[in-house]
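Values quoted throughout were computed directly from the atomic coordinates according to the rules given, and no laboratory measurement underlies them. Please read all numbers here as calculations on a predicted model, not as lab measurements. Reconstructed Cβ throughout: ideal geometry from the backbone, glycine too, with neighbour counts over all protein chains shown.
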Amino acid sequence: MSSDKFDFAIAIGGAAGQGIATPGNVLARIFIRRGLHLNAYNAYQSIIRGGHIFLTMRISDQPVSNHGDKLDLLVCLNQDTMDRHLGLMGPGTRVLYNSDTITPGTPEDGVHLCPLPINELTDNNRNKLVQNTVALGTILYLLDVDFQILEDIITMQFRRKGQEVIDENVGVARAGYDYAAAHFEPCSQSLPSGGKPLAVWTGNDALAMGGASAGVKFYCAYPMSPSTGVLHWMAQNARELGIMVRQVEDEIGVANMAIGAAHVGCRSMCATSGGGFALMTEAVGSAAMMEIPVVFIDVQRAGPSTGVPTKTEQGDLWQILGASQGDFERFIVAPTDALDAFHTLPELFNLVDHCQCPGIVISDLLISEGTFSVDPDAIDMQPGIDRGELITQSSNGASDIPTGSQLANGHGLIGAPSNGYLRYVNTESGISPRALPGVEGYAHVVATDEHDEDGVLVSDEFTNPHKRRKMVEKRARKFKNIAQRIEPPALSGASAEDAEITLIGWGSTRGVIREAVEILHRDGVAVNHLPIKWIVPLHVDAIQEVFDKAKKTVIVENNHSGQFHRYLRSETGLTADGHIRKYDGEPFMPHHIVDGVRELLAGTTDIYVPYQEVIV
Amino acid sequence: MSVETLPREEVEAKPVAPLKAKDFKGKVDPDWCPGCGDFGVLSSLQRACVNLGLRPHEILTISGIGCSSNFPGFFNSYGMHTLHGRALAVATGAQMANHELTVFVTGGDGDGYGIGGNHFTHTARRNVDLTYIVMDNQIYGLTTGQISPTSTIDMKTKSTPFGSVEMPINPITAAIMNGATFVARAFSGDARHLTGLIEQAVQHRGFSLIDVFSPCVTFNKDNDYPFFKQRVKKLEDEGHDPGDWKTACEKAMIWGDEIYTGLFFQKTDAPTLGDREPVLDEGGAMAWRELGITEEQSDRIIKRMM
């Protein structure tokens with residue numbers, strides 16, 4: 001970010017149960033309504049009370065693609081936060097804390113300590129959460145924001161709790177605001193007003209909304225961090241939007257239930273994290289074998305096994321690539337941010353409906369649980385819906401199923417002879433028109449056993465190698481040239497001729513790599529960036545072309561073994577010259593990549609592993 | 001997105017010729033061993049469908065894996081031959097997504113009470129409106145003879161050459177305890193009785209289990225036709241009250257010279273999962289509804305985000 005932009009980061013630290021979410025939400029609302037862009041990352045632990053939570057909220061008048069490198073304002077809700085993070089604060093920054101309970105450490109020169117005598121300011125209010133509201137008032141004074149804005153938000157936030165609660169909170173916020181005015185120097189940059197008001201969402205909201213927009217009518221899940229937000233959004237909106245939402249006994253049940261709903265005609269989706277996805281894997285292959293379109297979402301967290309449930313990683317790629325036995329066709333896509341995730345779902349649903357196969361979305365904690373601003377006009381909840389070759393009406397008109405249904409969206413409705421319908425008819429495209437249960441004249445059996453065109457098993461009684469080969473090839477043909485339906489990855493940053501290093505990332509690292517490229521560019525280092533989103537199909541030609549022209553290729557990924565690098569090698573034979581990898585549970589910050597590029601250019605190492613400074 | 005969905009009731013019913021059992025015959029003949037108990041279950045289901053006036057396209061028959069799970073291939077209806085143990089999970093999704101279908105789940109004791117035991121428990125408590133027919137032969141047949149969850153203690157099989165040391169599950173009491181609202185037991189050697197129970201089960205709204213003694217003539221020499229013929233005793237003949245769950249459990253646990261078959265338990269006033277699901281209150285089957293989000297819905301959602 002160049003220095004003429006407003007670029008400000010607030011961190012709030014405390015223990016679970018100290019109510020960090022509320023001031024975080026209030027601030028986020030104030031910022032987005034002012035048209036400011038926001039990117040918030042909440043570092044937390046798998047504990048309901050206690051532990052340490054550290055919310056970093058970066059705001060700017062320009063889009064922000066990650067939570068940044070620096071903090072400008074630290075709010076300590078407990079001593080632990082002061083002890084852990086005071087050292088992160090540099091000259092010109094401010095540190096707020098409750099001076100009744102917290103002893104400041106020794107700050108770096110130029111750090112403004114802002115002690116708040118909470119008991120005095122709140123008339124010894126016993127509510128432990130009251131210090132959060134005092135801090136809110138103080139923060140807004142320091143950012144030169146009119147108090148009325150905070151009063152309005154607090155009124156909205158507490159409207160269900162009655163006037164007394166509203167008055168109490170407005171009162172203590174006012175006390176914090178006035179105390180700051182009397183005792184503290186405001187920040188050097190006052191909070192600007194951006195353009196039009198923005199909206200705020202999490203990546204899980206975006207995934208759920210993308211599914212809902214795509215026409216998901218059946219969603220089921222078993223709660224698992226960090227994917228549970230998708231379930232919560234769906235459950236909250238189910239009745240209004242007419243979506244069937246089920247919480248199931250385990251992820252095996254989830255995946256199979258989603259397939260059952262998909263088979264009878266619903267657009268059907270489920271989400272989980274790596275451990276749950278492990279339980280779903282057998283079902284993924286069954287959807288491919290029965291040729292049922294269904295979408296699975298894996299929100300990655302640090303593994304293996306239970307791993308670090310509240311930390312991020314890109315460690316499930318090979319699990320997903322290897323999910324389920326046998327050879328089969330499926331889409332695998334790793335959206336690069338929340339808005340991209342939102343747009344990906346409708347595109348993926350059209351693809352899986354077209355190919356009658358499963359699709360898997362790879363998200364991670366960073367995207368899914370991050371809070372981001374978004375331009376409301378970018379949220380198009382009415383994308384094109386194309387259900388592929390569906391038979392929804394009896395050809396002799398004898399069906400008592402409702403006709404003229406929306407299932408005819410796109411080229412949904414097709415005629416076919418009701419006598420001798422072959423569910424898996426061997427077509428040139430490999431795609432066989434799919435009759436939905438209920439349509440008269442098309443009764444058929446779908447099977448997880450290998451089957452012939454009519455659905456009859458070929459594996460049990462008389463295994464027929466020629467039929468088996470025919471059906472394997474029929475399914476495989478669905479993916480012939482499928483990459484042409486999907487946008488290839490595009491290089492950004494310095495030109496191929498100029499770039500000293502080409503950074504290649506996948507999924508959620510796009511934003512942070514993009515900023516690292518900008519920082520390096522300002523420092524005179526020419527770098528470009530190839531973000532990969534589609535894992536299957538993989539745009540081998542486009543990637544090959546970039547490698548052919550690159551002077552030095554470096555793959556950036558949030559795992560230990562270089563999972564994407566190994567996949568790229570297996571698909572293309574390409575080998576990168578260097579690697580930047582992080583596997584401590586925390587996401588990359590821009591300087592981690594900048595430092596890595598410098599080290600790799602200096603030739604001191606082939607694999608750079610950044611040090612995580614913010615310890616939570 | 002403006003196409004109207006026509007509720008099922010408004011479509012004029014066309015007169016249709018009555019069907020015969022052979023109309024429910026699948027594309028291929030069963031590959032079961034000669035004498036397998038499952039033949040009796042197949043013919044009973046076909047007969048029940050005729051008696052109920054069902055038509056093949058109105059039925060979805062879902063199975064898992066095992067000898068008896070090959071069932072959908074031998075029966076003319078929409079069918080799904082899914083993964084081992086997962087039929088009930090798939091069926092729940094299918095039934096909730098199109099509650100206008102008549103859903104049968106067919107499978108074996110290993111599939112349903114072993115690997116699929118978790119789904120059995122939860123499908124019962126949810127009272128999903130489907131009919132679950134378990135062809136219980138107390139053995140793993142397709143894997144050539146090992147103990148199943150219903151094998152009796154001391155039973156000698158390839159995996160228990162010195163006799164099983166595990167107690168069997170009691171599917172009847174398990175189903176009642178888990179909240180199933182129609183729980184019956186039958187013997188495939190008495191097709192008339194079984195047919196009647198299937199008809200009752202289909203007419204019952206809610207989760208119906210029929211555990212059918214369906215002898216494996218190849219691998220289970222302990223529990224064969226003569227074993228059951230000598231022992232089965234119909235609850236109906238004793239005037240058992242299916243509303244009395246305690247007596248039902250007591251009778252279900254009797255396993256000796258007498259073994260009861262018939263309707264053990266039925267609760268007719270329990271709402272099904274679909275009844276409790278407000279999304280199904282209007283608009284017909286989920287699977288046939290208009291897709292996507294209206295502009296008004298979209299506006300409301302985005303407004304809440306601002």
Check your understanding: In whole angstrom, how long is each semi-axis of the equivalent ellipsoid of region A:257-332, when you take the square root of 5 times every eigenvalue of its Cα gyration tensor and sort them from largest down?
Key -> 24, 14, 9
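Using +1 on the beta carbon of Lys and Arg, -1 on that of Asp and Glu, and nothing else charged, what's the dipole of region B:17-276 about the Cα centre, debye to 20? Walk me through the numbers before you get to the answer.
Details: 23 positive and 27 negative charges, 88 e Å.
Result for region B:17-276 is approximately 420 debye, rounded to the nearest 20.
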Review point. Classify region A:102-168: rounded, prolate or oblate, from the alpha-carbon gyration tensor (a ≥ b ≥ c, eigenvalue square roots; a/c under 1.5 rounded; otherwise prolate if a/b is larger than b/c)?
Key: oblate
Point to revise | For q = 0.19 Å⁻¹, Debye-computed log10 I/I(0) when each Cα of region A:248-406 counts as one equal scatterer | key: -1.21
Study note, to complete from the structure: Any residue on another chain or 5+ positions along whose placed amide H is under 5 Å from the amide H of B:ASN137 is listed here as B:ASP109, B:SER214
Exercise for review: Quick one: work out the % antiparallel among DSSP beta bridges in region A:489-616, nearest 5.
Suggested key: 10
Review point. Put a dot 7 Å past each Cα toward the Cβ at A:ARG522 and A:GLN163; how far apart are the dots in nm?
Key: 5.1
Check your understanding: Tilt of helix B:87-97 relative to the longest C-alpha principal axis of chain B, in degrees (0 to 90, nearest 10)?
Key -> 20
**Study point:** Given charges at Cβ of Lys, Arg, Asp, Glu: the protein assembly as shown dipole, positive-most of A:ASN558, A:TYR608, B:LEU45
**Key:** B:LEU45
Point to revise | Entries of A:LYS474/B:LYS20; A:LYS70/A:LYS161; A:LYS470/B:LYS27; A:LYS478/B:LYS303 with Cα pairs more than 32 Å apart | key: A:LYS474/B:LYS20; A:LYS70/A:LYS161; A:LYS478/B:LYS303
Study note, to complete from the structure: The long-range amide H neighbours of A:HIS444, using H built 1.01 Å from N in the peptide plane and a cut-off of under 5 Å, are B:TYR78, B:GLY79
Check your understanding: How much net charge surrounds B:ASP299 when only other residues with a Cβ under 13 Å from its Cβ are counted (Lys, Arg +1; Asp, Glu -1)?
Key -> -2
Review point. Can you give the helix-only mean residue ellipticity at 222 nm for chain A, where every DSSP H stretch with n ≥ 4 adds -39500 (n - 2.57) and the sum goes over all residues, rounded to the nearest 500 deg cm²/dmol?
Key: -10500 deg cm²/dmol
Exercise for review: Within a 10 angstrom radius of each residue's Cβ in A:205-217, how many Cβ atoms of other chains show up on average? Whole number is fine.
Suggested key: 3
Exercise for review: Based on the mean of other Cβ atoms within 10 Å per residue, sort peptides B:149-155, A:215-221 so the most packed one is first.
Suggested key: A:215-221, B:149-155
Check your understanding: Taking 1 over the mean of 1/r across every pair of different Cα atoms in region A:454-523, what Kirkwood radius in Å do you get?
Key -> 16.9
Check your understanding: To the nearest whole percent, what portion of all C-alpha pairs in region B:32-119 is separated by more than 21 angstrom?
Key -> 29
Check your understanding: Which cross-chain or sequence-distant (5 or more) residues have an amide H under 5 Å from the amide H of B:PHE264, H modelled 1.01 Å from N in plane?
Key -> B:VAL183, B:ALA184, B:ARG185
**Study point:** Expected 222 nm ellipticity per residue - DSSP helices of 4 or more, -39500 (n - 2.57), all of chain B, to 500
**Key:** -8000 deg cm²/dmol
Check your understanding: Using a simple charge model, +1 on the beta-carbon of Lys and Arg, -1 on the beta-carbon of Asp and Glu, nothing else, what dipole does region A:487-608 show about its Cα centre, in debye to the nearest 20?
Key -> 180
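By how many nm would the segment from A:HIS466 to A:GLN544 lengthen if fully extended, with 0.36 nm per residue of separation less the alpha-carbon distance?
24.5 nm
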Point to revise | Radius 15 Å from Cβ of A:THR155, net charge of other residues (Lys, Arg +1; Asp, Glu -1) | key: 0
Review point. Over chain A, what is the mean sequence separation of C-alpha contacts under 8 Å (at least six apart), divided by residue count, expressed as relative contact order in percent?
Key: 12
Practice item. Please report the Cα spread of region A:487-608 along all three principal axes, rounded to whole Å, starting with the longest. Key: 35, 35, 25
**Study point:** Rounded to whole Hz, the Karplus (6.51, -1.76, 1.60) HN-Hα couplings of region A:201-212, x for glycine and proline
**Key:** 8, 9, x, 5, 4, 5, 5, 5, 5, x, x, 4
Practice item. Please determine, in degrees from 0 to 90 and to the nearest 10, the orientation of helix A:21-33 with respect to the longest principal axis defined by the Cα atoms of chain A, where the helix direction is its Cα long axis. Key: 80
Check your understanding: Which lysines have a Cα lying under 24 Å from the Cα of B:LYS246, excluding residues fewer than 8 positions away in the same chain?
Key -> B:LYS233, B:LYS234, B:LYS267
Review point. Tell me, what HN-Hα J-couplings in whole Hz come from the Karplus equation 6.51 cos²θ - 1.76 cosθ + 1.60 at θ = phi - 60° for each residue of region A:143-148, using x for Gly and Pro?
Key: 8, 6, 9, 4, 4, 4
Check your understanding: Suppose every K and R has +1 on its Cβ and every D and E has -1 on its Cβ; what is the size of the dipole of chain A about the Cα centre, in Debye to the nearest 20?
Key -> 820
Point to revise | Net charge of neighbours whose Cβ lies under 9 Å from the Cβ of A:TYR222, counting Lys and Arg as +1 and Asp and Glu as -1 | key: -3
**Study point:** Cα Rg, Dmax, region B:213-290, angstrom units
**Key:** 19.7, 58
Point to revise | Under Karplus coefficients 6.51, -1.76 and 1.60, residue-wise ³J(HN,Hα) of region B:151-165 in Hz, glycine/proline x | key: 4, 6, 5, 6, 5, 8, 9, 5, 8, 9, x, 10, x, 6, 10
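Once the Cβ-Cβ distance between A:VAL308 and B:THR144 is put in as r, and R0 is 45 Å, what FRET efficiency do you end up with, to the nearest 0.05?
E between A:VAL308 and B:THR144, to the nearest 0.05, is 0.50.
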Exercise for review: Within a 10 angstrom radius of each residue's Cβ in B:98-111, how many Cβ atoms of other chains show up on average? Whole number is fine.
Suggested key: 2
Study note, to complete from the structure: Computed over region A:487-608, the relative contact order (Cα-Cα under 8 Å, seq sep at least six) in percent reads 28
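Taking every pair of alpha-carbon atoms in region A:7-183, give the share separated by more than 23 Å as a whole percent.
Every Cα pair in region A:7-183 considered, those over 23 Å come to 37 percent.
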Practice item. Using only alpha carbon pairs under 8 Å that are at least six residues apart, calculate the relative contact order of region A:221-345 and give it in whole percent. Key: 23
Review point. Which of rounded, prolate, oblate describes chain A, given a ≥ b ≥ c as roots of the alpha-carbon gyration tensor eigenvalues and a/c under 1.5 marking rounded, otherwise prolate only if a/b is larger than b/c?
Key: prolate
Revision key, fill the gap. FRET efficiency (A:LEU88, A:ASP123; Cβ distance; R0 30 Å; to 0.05) is 0.35
Study note, to complete from the structure: So for chain B, using the alpha carbon gyration tensor with a ≥ b ≥ c as root eigenvalues (a/c under 1.5 gives rounded; past that, a/b versus b/c decides prolate or oblate), I'd call it prolate
Review point. Going toward the positive end of the dipole of chain B, with +1 on Lys and Arg Cβ and -1 on Asp and Glu Cβ, which of B:SER151, B:THR82, B:PHE265 do you reach last?
Key: B:SER151
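Ignoring GluC sites (Glu not before Pro) that are buried or in helix or strand per DSSP, and keeping those with at most 11 other beta carbon atoms within 10 Å, what is the longest stretch of chain A between them?
Values: sites that count: A:GLU428, A:GLU497.
It works out to A:1-427.
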Exercise for review: Return the loop-located trypsin sites (Lys or Arg not before Pro) in region A:1-85 (DSSP other than H, G, I, E, B) with at most 10 other Cβ atoms within 10 Å of their own Cβ; answer none if there are none.
Suggested key: A:ARG49
Point to revise | Charge dipole of chain A about the Cα centre (unit charges at C-beta), most positive-ward option of A:SER429, A:ALA443, A:PHE296 | key: A:ALA443
Study note, to complete from the structure: Mean other chain Cβ within 10 Å across B:276-286 is 4
